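Visitor: If you scroll down you'll find the structure; I have some questions about it.
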């Protein structure tokens, strides 16, 4: 049964990662960031509204993961694998990433997530 749960989590992780990529890459291009990457553009809350709580959780934590954050919760460790982490300091994010994490958290609160 634990194996089934791990396979389901792995499948959901891949699916949610694909959705996060779609959100970040479908945003309007800006001069220094043609892909609309969360590290270089402030993303409006409206871009995150269509997504579920689980998808928002993944997108928010994926921003930290891209910076090499060392996760501590079992769920995040299982999802992101700390093998390439470099810091457990949440201040590892740049100002755009901080903004986007705050926006995702705002949408999560509006939806009653967590």
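All of the numbers you see were taken from the coordinates with simple rules; none came from a lab. Please read these numbers as outputs of a predicted model, since none were measured by experiment. When we count neighbours, we look across all protein chains shown, and the Cβ atoms used for this are built from the backbone with ideal geometry, even at glycine.
Visitor: Collect the residues in region 79-99 that are closer than 26 Å to residue 42 by Cα, without any contact (Cβ under 8 Å) to a residue 24 or more places away in the chain and surrounded by 11 or more Cβ atoms within 10 Å (Cβ to Cβ), keeping them in residue-number order.
Guide: The answer is 80, 85, 86, 87, 88, 98.
Visitor: Specify which of the listed residues (41, 102, 47, 76) is free of Cβ contacts under 8 Å to residues at least 24 places away in the same chain and crowded, with 18+ Cβ neighbours inside 10 Å. Walk me through it before giving the result.
Guide: Values: 41 fails: free of Cβ contacts under 8 Å to residues at least 24 places away in the same chain; 102 fails: crowded, with 18+ Cβ neighbours inside 10 Å; 47 fails: free of Cβ contacts under 8 Å to residues at least 24 places away in the same chain.
Matching residue, one of 41, 102, 47, 76: 76.
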